[in-house]
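Take a look at the structure below.
The values are calculated or read from the model by the stated rules, or taken from the named source; none is laboratory data. Computed from a prediction, not measured in an experiment: that's the story for all the values here. FYI the Cβ positions are ideal-geometry reconstructions off the backbone, even for glycines, and counts take in every protein chain you see.
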Amino acid sequence: MQIESLKVFCDLTETQSFTKAAQINGVTQSAVSQQVSALERLFNSLLIERSKKKFRLTREGEILYQYSKEVMQTYEALQGKLQETKELVSGTIRVATIYSIGLHDLPPYLKKFLKHYPTVNVHVEYRRANQVYEDVIGNVVDIGLVAYPVRDPKLEVFPLHKDPLVLICHPQNPLAKNKSIRFKALSGHNFIGFEPDIPTRKAVDRLLKDHGVQVRNVMEFDNVETVKRAVEIDAGVSIIPASTIVQEVAKQSLAEVTFADGEFFRPLAAIYKKSKVLSPAMKEFLNTLKTDRNEK
């Protein structure tokens, strides 16, 4: 029995998916099935109840998972300690991020990190917020990057910086003449928003409600890029993170207006599973995300 087989079994148990377990370990689904069968032969026990309806461990499978998880945590801690002893930062980091962070916030940090640690392979996947949480809890990825982090007993939340929220509109929109406006000035305007389940949408809805503002929600999208395109054709105005419109403001395809009522921010955070043993590479990656994005 190799330790890789125990890892595959743990990943399969946590994701409840042969496809995801195969993806995590860079093998085929057939290889996952073969390794599970090999473990069943080794321990002379049925580990998984074969059913198309639902993934379920047998009693023996649950016991093997509990002990295998302890073995894997000890093994990962050993690998990390040996790397620290050698002052070596290498390996692979699997990251899932929401689109806006991945496209606009992450790149300068990733560039800085890879400049210092060129032997580390950072694999980035773009996901919706709920999928990021699922992938982190299911051990499909090591680290998730989200906005408005949700507390979960299974997760550690690593706070990052706060991104200012600003109003965007077409440069010819009357609101663009102002450097700043009060929320009440938005009353009755056509509004381009995110879909209701997106955390930033929920936060913007709270801000509008708190300031007694009613807008006309004319369009809803699941990503910030499409929201910007809709505002660029003057279909309405929107409230989005300032970091996502740097290029458009520079090209004058969008106008940015701040709020006179105060400063409003979108908090960003990295999340990872509480049981995750962070490798030296993961620790340095998180530390890099906390630094000034323009720092060399």
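Quick notes on this structure:
- Per-region count, segment 249-285, residues assigned to a helix (DSSP H, G or I) and either touching a Gly at 6+ places or on another chain (Cβ under 9 Å) or free of Cβ contacts under 8 Å to residues at least 60 places away in the same chain (or both): 7
- Output for segment 119-166, where each listed residue is in a loop (DSSP other than H, G, I, E, B) and under 17 Å from L268 (Cβ atoms): R127, R128, V141, Y148, P149, V150, R151, D152
- When T19, T74, T58 are checked against the criterion of being at pLDDT 90 or above and hydroxyl-bearing (S, T, Y), T58 stands alone in meeting it.
- Within segment 92-122, the only residue that satisfies the criterion of being more than 16 Å from D142 (Cβ to Cβ) and in contact with a Lys or Arg (Cβ under 6 Å, 6 or more places away or on another chain) is P108.
- Test result for I143, farther than 30 Å from V36 by Cα and touching a strand residue (DSSP E or B) at 6+ places or on another chain (Cβ under 9 Å): no
- The lone exception for L82 - which of (1) of a type outside the set (G, A, S); (2) touching a strand residue (DSSP E or B) at 6+ places or on another chain (Cβ under 6 Å); (3) surrounded by fewer than 17 Cβ atoms within 10 Å (Cβ to Cβ) it fails: (2)
- Candidates T92, T74, T28 - the one that is over 21 Å from P280 (Cβ atoms) and either among the polar types (S, T, N, Q) or in contact with a Ser or Thr (Cβ under 8 Å, 6 or more places away or on another chain) (or both): T28
- Segment 207-216, residues that are surrounded by 15 or more Cβ atoms within 10 Å (Cβ to Cβ) and either without any contact (Cβ under 8 Å) to a residue 40 or more places away in the chain or farther than 25 Å from A260 by Cβ (or both): L208, V213, V215
- Out of V124, V140, V166, V136, sole residue that is within 20 Å of T244 (Cβ to Cβ), crowded, with 20+ Cβ neighbours inside 10 Å and touching a residue at least 24 places away in the same chain (Cβ under 8 Å): V166
- Residue tally, condition of a type in the set (K, R) and outside any helix (DSSP H, G or I), over segment 1-58: 5
- Exclusive hit being surrounded by fewer than 12 Cβ atoms within 10 Å (Cβ to Cβ), in the same structural domain as V8 (by TED's automatic domain parsing) and without any contact (Cβ under 8 Å) to a residue 24 or more places away in the chain, set R56, R41: R41
- Selection of segment 167-205 for residues being of a type in the set (A, V, I, L, M) and either outside any strand (DSSP E or B) or closer than 18 Å to D261 by Cα (or both) yields L167, I168, L175, A176, I181, A185, L186, I198, A203, V204.
- Selection status of A260, closer than 19 Å to D205 by Cα and either among the aliphatic types (A, V, I, L, M) or surrounded by 20 or more Cβ atoms within 10 Å (Cβ to Cβ) (or both): yes
- Selection from segment 14-30 of residues that are touching a residue at least 12 places away in the same chain (Cβ under 8 Å) and of a type in the set (V, I, T): T15, I24, V27
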